[in-house]
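Take a look at the structure below.
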Amino acid sequence: MYIFVLITLLLSVVWWFYRNHNNQRQFPATLAFFGSCFAYTFTLFMTAHNSIYGYVLMLPRDIAAVVIVALISNNLRSNKSFFLTACALGAGVFYGYTYLPSLLFPKKNVDTQAELLVELKNKENAKDVQQDLSKWNIVLKSSFDNTTDSENTTLDEYFTIDVPENVNVEEIVAHLSKNSFVVNVEYNETYQLNLPQTNNQNKTFSSTSFNDPKISEQWAFEALKLNELSKFLKANNIKPKKRAKIAILDTGVDATHEDLKGNYVSTKSSYDKDKQTHGTHCAGIAAAVSNNKIGIASLSPDNSWVQVTSIKVLSDQGWGTQEKIIKGIIEAANNGADVISMSLGGPSDDIRQKAYAEAIRYAQKKGAIVVVAAGNENQSAKKSVPASCDGVIVVSATNYQNDKADFSNTIDEVKMGIAAPGQDILSTLPKQKYASYSGTSMATPYVAGLLAMMKAVNPKITTEKAYTILKASGQDTKNTAKTGKLIYPVKALQMVSK
């Protein structure tokens with residue numbers, strides 16, 4: 001759609017100069033031009049996915065193409081073959097701006113060289129499998145060498161192979177599947193962030209429990225009845241037994257943000273910045289410091305309940321691979337995460353997800369609850385990974401009307417599904433900024449924040465028990481069958497506190 005609209009815009013410029021040269025009525029061409037401009041603006045916004053990188057890369061190129069086509073059209077307007085020449089040159093300009101840089105300077109997406117994950121019967125079999133693949137010049141490398149409990153997991157028996165460009169991947173999969181030392185082969189899939197459009201509707205929240213200046217803009221707190229939670233905790237003198245740790249697996253987190261640094265603990269300094277913005281936004285929803293007279297609030301009434309850390313598994317452009325994400329799960333679990341929040345994933349045609357399943361089991365054995373986004377494709381979350389994996393709590397998104405957000409995937413086909421607000425959610429951005437984003441990415445950290453509070457009260461609570469409480473205490477939505485129950489923090493804490 002984006003390419004079609006841009007070509008239409010370029011042709012409308014050609015048409016305008018053509019009618020002008022022949023002294024024809026300009027209104028149709030002018031209408032076509034402005035209509036194309038409107039359509040282009042809309043499709044650009046949708047295509048760039050609210051990313052500043054998308055606009056920086058696309059807008060200057062497209063404006064240059066329009067200007068060049070206009071100059072060509074003006075200079076060639078007396079030529080009898082005006083239309084064909086201008087259109088051909090315009091197409092050439094568009095092609096050059098779009099494809100020539102990538103042909104001259106090819107770039108590899110971050111972490112996309114490794115294409116297959118191979119599980120061996122034993123890691124000592126690696127030499128034999130390496131020998132079997134030698135005719136293709138394929139090198140095995142250990143996939144998950146950061147486990148600390150190898151006796152209780154098979155993750156250290158996974159190896160990654162980068163299939164050469166001149167080799168058929170399916171041929172390698174078929175060959176490995178026949179190898180007696182190989183247990184499983186699956187694609188090392190690549191995911192990219194995909195945020196829906198934000199509407200920025202002005203639904204507000206009237207707070208009686210928070211002094212944060214932007215609290216009135218956090219409409220989700222009305223849906224989650226956060227005033228009730230604060231009153232319950234004070235009236236019953238509920239105190240946390242520990243400060244639960246939330247690990248945000250994402251694009252990094254701005255550790256210096258004014259409304260996060262009081263709750264932030266660093267895992268690695270390289271994870272403590274966020275050029276993309278998505279990770280910082282999720283961190284603010286899960287664990288912004290409440291009642292500090294700065295910015296926004298999170299579910300926790302103060303900074304004694306939760307702390308948040310970052311595990312960077314996605315690039316600055318929002319890309320990541322299955323291998324990188326699984327390594328992040330292991331790293332978060334090894335560093336004592338009580339809740340692992342993953343606002344990431346995407347559609348998958350690969351039914352083999354053993355590596356994810358093993359990583360989730362590993363995290364659970366370390367005491368972590370894994371919560372993931374349902375996805376934004378308006379289809380069953382069963383078609384999205386890691387939402388379709390066993391052992392995770394899957395989060396759909398609701399809107400102001402207490403209905404399923406139109407973009408949200410449904411959770412009726414997954415084992416543990418729950419809902420949280422995900423439309424126009426205000427949160428933190430790098431460099432002391434705030435903005436509203438939409439997506440199941442935004443709903444997920446609300447659930448992560450609540451799970452962390454439940455862990456703070458009952459540190460030994462398991463994933464299954466926590467989900468049972470979320471479901472039993474949850475509120476109905478207008479489409480509960482598709483969204484799952486909407487979390488109700490005060491009732492969930494009441495049940496955990498008993």
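The values are calculated or read from the model by the stated rules, or taken from the named source; none is laboratory data. This structure is a prediction, so every number in the text was calculated from the model and none was measured. Please note: Cβ atoms are built from the backbone with ideal geometry, for glycine as well, and neighbour counts cover all protein chains shown.
Going by what's in this entry, would ASN166 be described as assigned to a loop (DSSP other than H, G, I, E, B) and either touching a residue at least 24 places away in the same chain (Cβ under 8 Å) or touching a strand residue (DSSP E or B) at 6+ places or on another chain (Cβ under 8 Å) (or both)?
The answer is no for ASN166.
Out of everything in the range 249-271 that is among the hydroxyl-bearing types (Ser, Thr, Tyr) and touching a Ser or Thr at 6+ places or on another chain (Cβ under 6 Å), what residue ends up being surrounded by the most Cβ atoms within 10 Å (Cβ to Cβ)?
TYR271
Taking PRO213 and the conditions (1) within 19 Å of ASN263 (Cβ to Cβ); (2) touching a helix residue (DSSP H, G or I) at 6+ places or on another chain (Cβ under 9 Å); (3) part of a loop (DSSP other than H, G, I, E, B), which numbered condition does it fall short on, given that it satisfies the others?
(2)
Determine which member of the set LEU193, LEU299 is buried (at least 24 other Cβ atoms within 10 Å of the Cβ) and outside the structural domain of VAL457 (by TED's automatic domain parsing).
Criteria check complete, one pass: LEU193.
Name, by its number, the condition in (1) under 17 Å from ILE393 (Cβ atoms); (2) without any contact (Cβ under 8 Å) to a residue 60 or more places away in the chain that does not hold for SER441.
Evaluating SER441 over (1) under 17 Å from ILE393 (Cβ atoms); (2) without any contact (Cβ under 8 Å) to a residue 60 or more places away in the chain leaves (2) as the failure.
Filter the range 112-133 down to the residues that are closer than 13 Å to ILE161 by Cα and part of a loop (DSSP other than H, G, I, E, B), then identify the one that is modelled with the lowest pLDDT.
Applying the filter and picking the extreme gives THR112.
Which one of LYS498, LYS465 is basic (Lys, Arg) and at pLDDT below 95?
LYS498
From the list LYS312, LYS327, exactly one residue is more than 22 Å from ALA466 (Cβ to Cβ), under 20 Å from the mean Cα position of the chain (by Cα), of a type in the set (D, E, K, R) and surrounded by 24 or more Cβ atoms within 10 Å (Cβ to Cβ). Which is it?
LYS312
Can we say ASP316 is in contact with an Asp or Glu (Cβ under 6 Å, 6 or more places away or on another chain) and touching a residue at least 40 places away in the same chain (Cβ under 8 Å)?
Taking the combined requirement at face value, the residue does not satisfy it.
Identify all residues within the range 191-220 that are under 30 Å from ALA387 (Cβ atoms), of a type in the set (A, V, I, L, M, F, W, C) and touching a residue at least 60 places away in the same chain (Cβ under 8 Å); write none if there are none.
Once the filter is applied, which keeps residues that are under 30 Å from ALA387 (Cβ atoms), of a type in the set (A, V, I, L, M, F, W, C) and touching a residue at least 60 places away in the same chain (Cβ under 8 Å), the range 191-220 yields LEU193, LEU195, TRP219, ALA220.
Quick check on ASN188: is it farther than 30 Å from LEU233 by Cβ, of a type outside the set (Lys, Arg), in contact with a strand residue (DSSP E or B) (Cβ under 8 Å, 6 or more places away or on another chain) and at pLDDT below 90?
no
Considering ILE330, ILE326, ILE285, which residue is β-branched (Val, Ile, Thr) and either within 30 Å of ASN237 (Cα to Cα) or outside any helix (DSSP H, G or I) (or both)?
It is ILE285.
In the range 174-185, which residues are surrounded by fewer than 18 Cβ atoms within 10 Å (Cβ to Cβ) and either assigned to a helix (DSSP H, G or I) or in contact with a Gly (Cβ under 6 Å, 6 or more places away or on another chain) (or both)?
Residues satisfying the conditions are ALA174, HIS175, SER177.
Quick one: ASP149 ticks every box in (1) surrounded by 15 or more Cβ atoms within 10 Å (Cβ to Cβ); (2) closer than 23 Å to LYS366 by Cα bar one, so which box is it?
Condition not satisfied by ASP149: (1).
I'd like the full set of residues that are over 15 Å from VAL372 (Cα atoms) and hydrophobic (A, V, I, L, M, F, W, C), limited to the range 401-456.
ALA405, PHE407, ILE425, LEU426, LEU429, ALA435, MET453, MET454, ALA456
Might you let me know whether the range 339-351 holds any residue that is surrounded by fewer than 18 Cβ atoms within 10 Å (Cβ to Cβ), at pLDDT 95 or above and assigned to a loop (DSSP other than H, G, I, E, B)?
Taking every residue of the range 339-351 in turn, none turns out to be surrounded by fewer than 18 Cβ atoms within 10 Å (Cβ to Cβ), at pLDDT 95 or above and assigned to a loop (DSSP other than H, G, I, E, B).
Among the numbered criteria (1) surrounded by fewer than 18 Cβ atoms within 10 Å (Cβ to Cβ); (2) within 22 Å of the chain's Cα centre (by Cα), which single criterion is violated by ASN188?
ASN188 satisfies all of (1) surrounded by fewer than 18 Cβ atoms within 10 Å (Cβ to Cβ); (2) within 22 Å of the chain's Cα centre (by Cα) except (1).
Where in the range 372-490 are there helices (runs of 4 or more DSSP H), lying fully within it, with 2 or more residues that are in contact with a Leu (Cβ under 7 Å, 6 or more places away or on another chain) and of a type in the set (A, V, I, L, M)?
Because the criterion is at least 2 residues that are in contact with a Leu (Cβ under 7 Å, 6 or more places away or on another chain) and of a type in the set (A, V, I, L, M), the helices (runs of 4 or more DSSP H) in the range 372-490 that meet it are 440-457.
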